There are 2 protein chains.
Amino acid sequence: MIESPPIARIASAIGDPARAAMLVALMDGRALTATELSNTAGVTRQTASSHLARLFDEGLIQRHRQGRHHYFALAGESVAQLLEQLMGLGGRPRCSTVATGPSSPALRKARVCYDHLAGDLGVALFDGLHQRGILLVEPATDSPHVRVSETGDAALRALGVEQELPAASGSRRPQCRACLDWSARRLHLAGRLGQVLLEHVLRKGWGERVPDSRIVDFSSRGEAAFLRCFCAREF
Amino acid sequence: MIESPPIARIASAIGDPARAAMLVALMDGRALTATELSNTAGVTRQTASSHLARLFDEGLIQRHRQGRHHYFALAGESVAQLLEQLMGLGGRPRCSTVATGPSSPALRKARVCYDHLAGDLGVALFDGLHQRGILLVEPATDSPHVRVSETGDAALRALGVEQELPAASGSRRPQCRACLDWSARRLHLAGRLGQVLLEHVLRKGWGERVPDSRIVDFSSRGEAAFLRCFCAREF
DNA sequence: CCGACACTTCGGTGCGGCTCGAAGCGTTGT
DNA sequence: ACAACGCTTCGAGCCGCACCGAAGTGTCGG
């Protein structure tokens with residue numbers, strides 16, 4: 001078996017509790033320093049440093065030196081997706097019970113996934129934009145292809161979403177992407193637009209991020225406004 | 001960090017070279033015995049036994065006792081998907097080169113993924129069925145929803161595909177499902193129909209499975225017949 | 001120029017777990 | 001009933017690696 005090493009190396013890199021904790025901490029898309037990560041993992045700085053070197057060697061994280069601080073972030077969305085899927089498998093309580101793992105109710109409801117909104121409200125956002133015809137989900141052969149319709153583009157601007165999406169920005173990042181939610185097992189919106197919409201939510205004050213957590217805490221007024229603005233029907 | 005243990009445990013279960021080799025060997029969907037798996041992993045039987053116990057405890061494989069033989073298979077498609085994604089991450093040659101890892105050209109062209117056809121020909125099959133209107137890819141909110149159209153159902157029967165899909169079979173397995181290909185980064189057909197079509201290919205003699213490998217070896221005549229039968233346009 | 005700070009590298013320690021030999025079930029076939 | 005076979009459990013050896021203390025590099029502030 002000469003095919004296995006790469007997959008085994010990567011899995012084993014994720015497999016250590018301290019490294020897994022670091023990766024989970026990075027899943028909110030922020031870049032954290034080595035010291036911060038050592039705290040969340042519960043190990044000393046020098047131990048964390050070796051862990052981070054390992055994760056970097058495996059291509060799971062990227063480093064970003066800035067003065068005397070070294071920031072670390074996930075290497076890309078594909079890594080975040082892998083971790084989500086891993087959580088999905090870990091959450092099920094053996095022998096395929098139907099219920100999808102709740103973990104934390106707040107986490108289920110609304111959380112950050114890399115840089116966009118996930119959870120029930122993330123799914124509701126995707127559904128709403130799609131039902132309104134703002135989002136076109138194309139039956140393309142490429143992985144589920146999502147794009148903004150022309151009327152949708154205008155609608156988003158009318159809603160006050162600065163959609164600053166320079167088509168020729170040179171970045172290879174897709175404008176929209178569908179991301180599978182591990183708690184709800186349904187699609188939510190990722191990509192540049194997903195990021196912009198999350199920023200919109202935070203700027204409007206509808207919800208705010210809970211420090212050191214992936215949870216996005218919506219006020220009841222904020223949630224109502226959010227649903228009214230983006231989702232076709234009320235809950 | 002109390003959230004990490006499950007994901008770390010699962011990842012570390014996959015992370016051992018011997019266990020990874022076993023899982024990869026199981027990715028073709030067959031159920032293998034403990035001795036066969038010990039050979040592919042290159043360890044003794046008793047070592048393999050403990051590895052298999054670990055994988056079973058983590059819910060990654062299922063066991064199936066039959067007389068004095070114990071058969072092992074992947075616990076489900078979700079596990080196979082996770083492994084595919086892991087391969088996708090492992091295949092890239094550091095620092096995001098554009099080329100998707102070829103590994104083996106034959107493997108890229110046509111291989112078995114759990115129980116259905118993947119690789120270039122798997123993608124071509126999906127494209128062809130979709131372009132002919134046999135497959136409807138719905139922009140649903142559930143993970144990319146694929147189903148067979150009414151005319152498509154008749155077309156498949158006309159093509160000689162025994163589509164024996166008892167709607168009320170009680171099994172919760174979806175009729176069709178879209179599975180992401182790690183080599184081509186495009187969708188191919190999974191689910192019950194994907195399984196039936198792979199069987200169809202093998203029964204027609206268009207291609208045959210290479211023993212102890214995931215490769216499906218198409219004869220040139222078989223490939224032509226396959227494309228003519230299912231795909232809208234020739235290559 | 002020097003101290004404070006963030007981070008990494010270097011040795012040494014200790015535990016976990018991968019491994020295999022030997023022995024213990026359960027099944028199959030004669 | 002006995003031997004052959006497949007698999008698992010038990011015990012011991014041994015390597016790897018996670019961990020931390022101490023020392024080394026680079027950066028910021030006074």
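Rule-based calculations on the coordinates, nothing more; no lab input. Predicted, not measured: the structure shown is a model, and the values here were computed from it. Using ideal geometry, Cβ is built from the backbone for each residue, glycine included, and neighbour counts are taken over all protein chains shown.
Site pair residue B:69 and residue A:149 shows an inter-label distance of 5.6 nm when each label is modelled 7 Å from Cα along Cα→Cβ. Measure out, as a whole number of angstrom, how far apart the alpha-carbon centroids of the range B:1-78 and the range A:41-91 sit. With the range B:1-78 and the range A:41-91 each reduced to a Cα centre, they are spaced 26 Å. Residue A:46 label point (Cα plus 7 Å toward Cβ) to equivalent points in the other copies: 4.0 nm, shortest first. Sorting B:51-57, B:39-45, A:118-124 by average packing, meaning the other beta carbons within 10 Å per residue, from highest down gives A:118-124, B:51-57, B:39-45. Rounded to whole numbers, the Karplus 3J(HN,Hα) couplings from phi for the range B:221-231 are 5, x, 5, 4, 5, 4, 5, 5, 6, 10, 9 Hz, using 6.51 cos²θ - 1.76 cosθ + 1.60 with θ = phi - 60°, and x at Gly and Pro. Close amide-amide hydrogen proximity is noted between residue A:43 and no other residue 5 or more places distant or on a separate chain, at a cut-off under 5 Å (H modeled in the peptide plane; Pro and chain starts excluded). For residue A:204 and residue B:136, the FRET efficiency from 1/(1 + (r/R0)^6), where r spans their Cβ atoms and R0 equals 30 Å, is about 0.20. Straight Cα distances below 27 angstrom link residue B:109 to the lysines B:204, with same-chain residues fewer than 8 positions distant left out.
With label points set 7 Å from Cα along Cα→Cβ, the inter-copy distances at residue B:78 are 2.3 nm, sorted shortest first. Peptide A:73-86 has a mean of 3 when you count, residue by residue, the C-beta atoms of other protein chains within 10 Å of its C-beta. Comment: the Cα-to-Cβ extended label point of residue B:157, at 7 Å, lies 5.2 nm from its counterparts in the other copies, nearest first. Summarising the amide proton neighbourhood of residue A:33: residues at separation of 5 or more, or on other chains, whose placed amide H is nearer than 5 Å comprise A:72.
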